[in-house]
Amino acid sequence: MAVKDYAAAQKQGRKGYQSALTRGQYPYLPVLDDILSYTEVAQTVSLGLMDIPLARVVGTKTAGRTNAFANNFMPLLPEKSEFGAKWASLYDHQINEGIRDPIVVYEFMNRFYVQEGNKRVSVMKFLGAYSIAANVTRLVPRRTDEKENRLYYEFLEFYQVSRNYDIWFTREGSYRKLLKLMGKKTGEVWTDEERKAFSSVYDRFSSALKTAHGEKPVISVSDVFLVYVEIYGYEQAAKETEHEMHRALQKMWEEVRLAEKGSQIALVQNPESEKSSLLNRLLPAGTALPETFKAAFVYSKTPQTSGWTYAHELGRLHLEQAFAGKVETMAFENANTEAEVENAIELAVAAGCNLIFTIAIQMVNPSVRAAIRHPKVRIFNCSVRMSYSSVHTYYARMYESKFLIGAIAAAMSRTERLGYVADYPIYGEMANINAFALGARMINPYVQIYLEWSKIRGQSARERLRQEGLVFISDHDMITPREASREYGLYRSREDGSLENLATPIWDWGKFYERIIRNLCSGSSETNVQKGKKAVNYWWGLSADVIDVICSQSMPAETRRLIEFLKRSVRAGTFQPFDGPIRSQDGTICCAEGETLQPDAIITMDWLAENVTGRIPTFEQLTEEAQALVRLQGIKANEADGN
């Protein structure tokens with residue numbers, strides 16, 4: 001029987017050998033000694049006895065037996081050779097009693113190379129075993145700037161806390177992202193129970209993935225696992241059976257396809273790029289819609305208690321006026337948890353809604369899960385740079401308005417000190433701060449911006465700015481109806497303590513939502529075209545009339561003329577707020593003269609302009625509300641603290 005099985009294994013070896021030659025690859029096992037001949041080893045570490053995944057056993061330590069195996073570890077030598085007899089004997093031993101003697105391996109760059117036990121590895125791989133006992137010695141390469149080397153050092157950090165060899169990502173930052181999704185802090189060592197539980201979850205997922213959708217992903221199993229955990233959550237995955245995971249994978253395969261392509265994002269910066277001229281001919285204001293829309297809005301708070309929610313509620317009411325009798329809307333309030341968001345979406349679907357807007361970043365994952373369950377329902381989430389294919393995201397280029405507000409502040413101020421209140425360090429916030437600083441500096445090259453954060457524990461941003469004696473302050477963009485005050489937009493503090501509002505940036509969500517619906521009706525939506533290819537993010541600004549700046553009537557006519565000129569220039573694209581040269585606080589040139597920052601660099605900006613006094617807060621300094629948002633869309637400067 002063993003001889004017959006050796007012949008089957010040898011057949012697999014020959015097939016692997018020929019396949020490697022056809023692809024121009026080395027047909028035998030790689031030899032670690034050859035690899036080390038041109039690699040500098042910085043450290044040798046004995047890890048002792050452990051179970052290692054056979055999938056990561058890829059070669060031999062020395063060249064002695066390399067030609068006996070194809071590069072898939074299947075045998076190549078004749079059946080009647082001494083090698084064939086020993087292989088068959090080991091096979092019988094494994095079938096009858098089980099191989100218990102550990103092999104001896106060297107680990108290098110998260111791959112294992114066998115010093116003793118090549119035939120045992122071959123037999124176990126032929127039998128489809130998942131792991132094998134091994135005495136492991138790790139060879140740590142010298143740190144370099146090569147991507148694979150950087151990935152390996154990220155793996156080493158992960159291994160220190162998890163002692164897990166199964167996970168191997170192909171994209172940087174993934175290990176920290178996984179720990180963050182699991183609720184682990186930096187350096188938090190896993191318990192034995194947590195390690196066993198994780199291995200069990202990952203084993204079930206790996207098995208489910210093998211049969212899901214009938215095709216093998218190009219990316220690693222770990223990369224797909226990260227997408228799965230990001231959408232469904234680690235706690236949910238830990239409760240699921242292999243069959244449940246398989247069904248969920250089948251439904252979310254478009255997200256896997258997107259991850260294979262590097263989670264590319266199609267940034268739609270102007271409605272004109274989606275056939276707006278044809279759209280206006282087909283759907284002028286007041287004409288009938290080609291499709292009946294019933295739209296739902298899911299709010300985390302109420303319009304009375306949240307300026308953000310209030311602004312979107314005005315947008316919802318605008319829709320009912322713009323499409324009177326043709327678009328029906330409904331709103332769900334106080335959806336604070338993911339379960340509440342999912343419940344609100346399910347209620348909206350049950351009510352016949354075919355278009356759903358979730359207006360907060362923290363709603364993105366339940367939105368994706370709902371979109372996977374209901375592929376015919378269009379779901380939009382108000383966030384930026386989220387790489388999901390099942391939902392569209394939308395946001396506004398508010399930095400354009402902030403640039404104008406900065407110019408107004410510098411033009412109106414008689415000092416060279418301006419204040420700025422920011423909320424939390426998420427995508428887009430640095431662009432708002434820096435645009436304000438650059439707009440002010442264009443008017444007064446000596447102006448300095450004093451930055452404070454409103455979402456820091458135990459601190460009052462406004463009080464700190466008052467203590468600095470600052471008169472002109474850029475504050476929150478929106479008014480909260482229940483707590484209305486003049487501390488919004490750009491205001492001036494008078495000597496008697498009263499405030500004078502000078503200008504405020506406006507989010508016109510009504511126009512935003514109207515344009516989205518008209519795009520959908522015109523057939524120009526990229527929902528189906530880009531599904532599984534790119535994540536679609538609508539990122540509109542002044543040119544789309546979805547943001548603006550409203551100025552006080554008391555503003556000098558000359559200043560108003562200047563701002564209108566700048567506004568027209570930005571809207572037409574003849575002037576960009578982030579034209580170089582631009583330097584950061586430490587003097588680094590972030591945008592050279594004659595260049596313009598690209599959209600992705602603006603969205604992911606993690607530095608402050610040189611005329612900003614202040615710093616980016618650490619994760620621990622933030623309030624719980626801010627931490628929740630930073631976990632989802634925090635800038636890179638906070639990633640290390642956000643685990």
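The values are calculated or read from the model by the stated rules, or taken from the named source; none is laboratory data. None of these values were measured; they are calculated from a predicted model. No Cβ is skipped: glycine too gets one built from the backbone with ideal geometry, and neighbour counts run over all protein chains shown. Protein only, heavy atoms only, side chains kept; ligands, DNA and RNA dropped before computing areas. Shrake-Rupley method; radii C 1.70, N 1.55, O 1.52, S 1.80 Å.
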Exercise. Can you name the condition, by its number, that MET109 falls short on among (1) of a type in the set (A, V, I, L, M, F, W, C); (2) open to solvent by 40 Å² or more (accessible area, probe 1.4 Å); (3) under 24 Å from TYR153 (Cα atoms)?
Worked result: (2)
For this session: Could you please give the count of residues in region 255-274 that are within 22 Å of GLU338 (Cα to Cα) and open to solvent by 50 Å² or more (accessible area, probe 1.4 Å)?
Result: 0
Exercise. Which residue out of SER19, SER46 is of a type outside the set (A, V, I, L, M), at pLDDT 90 or above and loosely packed, with under 12 Cβ neighbours inside 10 Å?
Worked result: SER46
For this session: Go through (1) under 15 Å from the mean Cα position of the chain (by Cα); (2) closer than 30 Å to LEU502 by Cα and name the single condition VAL364 misses.
Result: (2)
Problem set entry | Unique residue being farther than 30 Å from PHE565 by Cβ and charged (D, E, K, R) when the list is GLU416, GLU346 | GLU346
Exercise. Exposed (fewer than 14 other Cβ atoms within 10 Å of the Cβ), of a type in the set (S, T, N, Q) and either under 27 Å from the mean Cα position of the chain (by Cα) or not in a helix (DSSP H, G or I) (or both): does that describe GLN304?
Worked result: yes
For this session: Specify the residue that is modelled with the lowest pLDDT; the eligible residues are those in region 435-463 that are outside any helix (DSSP H, G or I) and of a type in the set (Gly, Ala, Ser).
Result: GLY458
Exercise. Restricted to region 464-503, and to residues that are within 31 Å of the chain's Cα centre (by Cα) and either outside any loop (DSSP other than H, G, I, E, B) or among the charged types (D, E, K, R) (or both), which residue is surrounded by the most Cβ atoms within 10 Å (Cβ to Cβ)?
Worked result: SER474
Problem set entry | All positions within region 398-426 that are open to solvent by less than 30 Å² (accessible area, probe 1.4 Å) and outside any helix (DSSP H, G or I) | SER413, LEU418, GLY419, TYR420, VAL421, ALA422, PRO425, ILE426
Exercise. Quick one: what pairs do we get from region 81-94, first residue free of Cβ contacts under 8 Å to residues at least 60 places away in the same chain, second part of a helix (DSSP H, G or I), C-beta under 8 Å, 6+ apart or different chains?
Worked result: PHE83/ALA68; PHE83/LYS119; LYS86/LYS119; LEU90/LYS119; LEU90/ARG120; LEU90/VAL123; GLN94/VAL123; GLN94/MET124
For this session: Select from region 59-111 the residues that are of a type in the set (Gly, Ala, Ser) and in a loop (DSSP other than H, G, I, E, B) and list them in ascending order.
Result: ALA63, GLY64, SER81, GLY98
For this session: Please determine, by comparing only the residues of region 22-43 that are outside any strand (DSSP E or B) and closer than 23 Å to LEU127 by Cβ, which one is most open to solvent (accessible area, probe 1.4 Å).
Result: PRO30
For this session: Residues being open to solvent by less than 20 Å² (accessible area, probe 1.4 Å) and in contact with a Lys or Arg (Cβ under 9 Å, 6 or more places away or on another chain): count how many of those fall in region 348-359.
Result: 5
Problem set entry | Any chance ALA63 is over 29 Å from SER199 (Cβ atoms), without any contact (Cβ under 8 Å) to a residue 24 or more places away in the chain, surrounded by fewer than 17 Cβ atoms within 10 Å (Cβ to Cβ) and of a type in the set (A, V, I, L, M, F, W, C) | no
Exercise. Is there a residue in region 521-531 that is modelled with pLDDT of 90 or more, of a type outside the set (D, E, K, R) and buried (at least 18 other Cβ atoms within 10 Å of the Cβ)?
Worked result: no
Problem set entry | First in region 552-575 and farther than 19 Å from ARG397 by Cβ, second anywhere and in a helix (DSSP H, G or I) and open to solvent by less than 50 Å² (accessible area, probe 1.4 Å), Cβ under 6 Å, 6 or more apart | THR559/ALA411
For this session: Mind counting the residues in region 378-397 that are open to solvent by 10 Å² or more (accessible area, probe 1.4 Å) and closer than 30 Å to ALA609 by Cα?
Result: 5
Seminar exercise, completed: The residue from ASN365, ASN343 that alone is surrounded by fewer than 23 Cβ atoms within 10 Å (Cβ to Cβ), at negative phi, part of a helix (DSSP H, G or I) and modelled with pLDDT of 95 or more is ASN343
Seminar exercise, completed: Residues in region 552-565 that are of a type in the set (A, V, I, L, M, F, W, C) and open to solvent by 20 Å² or more (accessible area, probe 1.4 Å) total 3
For this session: Consider THR170 carefully, then state whether it is open to solvent by 10 Å² or more (accessible area, probe 1.4 Å), polar (S, T, N, Q) and touching a helix residue (DSSP H, G or I) at 6+ places or on another chain (Cβ under 7 Å).
Result: yes
For this session: May I ask you to list the residues in region 66-96 that are open to solvent by 20 Å² or more (accessible area, probe 1.4 Å), among the hydroxyl-bearing types (Ser, Thr, Tyr) and closer than 18 Å to PHE112 by Cα?
Result: none
Exercise. List, please: which pairs have Cβ atoms under 7 Å, are six or more places apart or on different chains, and start with a residue in region 6-28 that is touching a residue at least 24 places away in the same chain (Cβ under 8 Å) and end with one that is surrounded by fewer than 16 Cβ atoms within 10 Å (Cβ to Cβ) and not charged (D, E, K, R)?
Worked result: ALA20/TYR26; PRO27/LEU21; TYR28/ASN67
Exercise. Somewhere in region 591-611, is a residue open to solvent by 80 Å² or more (accessible area, probe 1.4 Å), within 23 Å of THR504 (Cβ to Cβ), in a helix (DSSP H, G or I) and out of contact with any Ser or Thr (no Cβ under 6 Å at 6 or more places or on another chain)?
Worked result: no
For this session: Using the structure shown, decide if ASP166 is of a type outside the set (Lys, Arg) and not in a helix (DSSP H, G or I).
Result: yes
For this session: Please determine, by comparing only the residues of region 275-301 that are of a type in the set (S, T, N, Q) and open to solvent by 60 Å² or more (accessible area, probe 1.4 Å), which one is modelled with the highest pLDDT.
Result: THR292
Problem set entry | Residue that is surrounded by the most Cβ atoms within 10 Å (Cβ to Cβ) [pool: residues in region 427-453 that are closer than 20 Å to PRO617 by Cβ and touching a Ser or Thr at 6+ places or on another chain (Cβ under 8 Å)] | PHE436
Seminar exercise, completed: Taking region 388-397 and keeping residues part of a loop (DSSP other than H, G, I, E, B), touching a Gly at 6+ places or on another chain (Cβ under 9 Å) and under 23 Å from ALA626 (Cα atoms) leaves ARG397
Exercise. Of the conditions (1) over 28 Å from MET50 (Cα atoms); (2) surrounded by fewer than 17 Cβ atoms within 10 Å (Cβ to Cβ); (3) more than 23 Å from the chain's Cα centre (by Cα), ALA197 fails just one. Which one is it?
Worked result: (1)
